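A short worksheet on the structure shown next.
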Amino acid sequence: MTYQFATIITKNHIDKALTLLDSLQQGEADAILHILLIDGKQADRDLCNFREDIKIHLLCDLLKNRRTKALISEILARHGQGMKIDGYNKPLPAIPDNGIPTVTAQVGVRLHYHDALRWATKPAFALYLLQKHSTLFMVDCDLHFYSNYDFIANQLAGNAMLLTPHWRTIFHGDDSTPTPDEFKYNYLHGLYNAGFIGVTRAGISILDWWGSMCAWACTDNPKFGMFVDQRYLDIVPVYFDDVVVLKHKGCNVAAWNCSYLQRRMVRGKLTIAGDPLIFIHYSGVTVHYIERGYDLQLRAPYTEYCQALERTRATLQKHGLAKLSSIRNPMVL
């Protein structure tokens, strides 16, 4: 079966996206990866024409699509900081101030407006792709799969949306984690991680709502109870039907669950709270934990990932695309 995956990146992270795709091509599983290039231009459509399993999309595609035009126009007007969209010359709508500081307006937060766009456009990109595909997985480009994931697709089948919990500690004062008061991040960053979401056409009403909220505000602002696109997901299982939670502990393994989900080697295989490892989320903080020795059991799969990333970079260099590599070594977005 061919699965449809989608990620939203800037061009200098194509190396991570291709490495993700390679990890998805396991056994009999087949995958297509749709990439929305936030900073892409018309000339970039052929960047990955050496692979048939990569589909490049641009913001102008969503602006020209009747289903997503209004939503993506509002998102760009609110979060785009006046950026010009290659391939689209019409003016964007005027958006009233919502009174909530944007990501780039916050003192001490080193984020580019491209970050806000990557988060805010996620629901719109999903709506765009679901016009042609009945099922879709929205993923961050810094995921890496180590085992078969058919069971995840089976769990999503017949439902509207699949969410992935962070599995942070639920105990205050837990000193087994290097992050002080890790417990509080259940409330600051949300229960679910937006880096892996499954959605079907039955979930279009959820995406419409989520997209409208991200267009209104997509910022890290605890005062307003917001954390970019992610905190909104806490509402979804309560207000919408047919939403399932991925309870397999070997999925979305990351720094945020290193204390709550025990890592153990069982007969030479890494297990996460008793479940086999499926995929790791190599966010900046996950890499930091591994390299500082806080999450030692992930050292071997991390090394495997680094090697895979270097192979991808060698392939890009072979095709004259060395510039499409992550700026910082090797995983930090």
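The values are calculated or read from the model by the stated rules, or taken from the named source; none is laboratory data. The model shown is predicted, which means the values in this text are computed figures rather than measured ones. Using ideal geometry, Cβ is built from the backbone for each residue, glycine included, and neighbour counts are taken over all protein chains shown.
Which one is nearest to L246 (Cα to Cα) among residues in the stretch 130-145 that are touching a residue at least 12 places away in the same chain (Cβ under 8 Å), out of contact with any helix residue (DSSP H, G or I) (no Cβ under 6 Å at 6 or more places or on another chain) and surrounded by fewer than 21 Cβ atoms within 10 Å (Cβ to Cβ)?
Residue satisfying both the conditions and the ranking: T135.
Kindly provide the set of residues from the stretch 210-220 that are touching a residue at least 24 places away in the same chain (Cβ under 8 Å) and part of a helix (DSSP H, G or I), ordered by number.
W210, G211, S212, C214, A215, W216
Which of the numbered conditions does T10 fail, given that it passes all the others? Conditions: (1) hydroxyl-bearing (S, T, Y); (2) modelled with pLDDT of 95 or more; (3) over 19 Å from Y305 (Cα atoms).
Single failed check for T10: (2).
Look through L309, L298 and report the one residue that is at pLDDT 95 or above, part of a helix (DSSP H, G or I), under 22 Å from I170 (Cβ atoms) and not basic (K, R).
L298
Across the stretch 235-264, which residue is nearest to P180 (Cα to Cα) among those that are aliphatic (A, V, I, L, M), touching a helix residue (DSSP H, G or I) at 6+ places or on another chain (Cβ under 9 Å) and assigned to a loop (DSSP other than H, G, I, E, B)?
My answer is A254.
For the stretch 193-209, how many residues meet the condition of being assigned to a helix (DSSP H, G or I) and either among the acidic types (D, E) or in contact with a Lys or Arg (Cβ under 8 Å, 6 or more places away or on another chain) (or both)?
1
Go over the candidates L62, L36, L71, L76 one by one and state the one that is more than 19 Å from I280 (Cα to Cα), crowded, with 20+ Cβ neighbours inside 10 Å and in contact with a His (Cβ under 7 Å, 6 or more places away or on another chain).
The match here is L36.
Given the conditions (1) of a type in the set (S, T, N, Q); (2) modelled with pLDDT of 95 or more; (3) over 12 Å from M161 (Cβ atoms), which single one is not true for S205?
(3)
For the stretch 265-308, give me the residue count where each residue is touching a helix residue (DSSP H, G or I) at 6+ places or on another chain (Cβ under 9 Å) and among the acidic types (D, E).
Total meeting the criteria: 2.
Among the residues of the stretch 68-93, write down those that are closer than 17 Å to L37 by Cα, out of contact with any Cys (no Cβ under 9 Å at 6 or more places or on another chain) and in contact (Cβ under 8 Å) with a residue 24 or more places away in the chain.
Scanning the stretch 68-93 gives T68, I72, L76, G80, Q81, M83.
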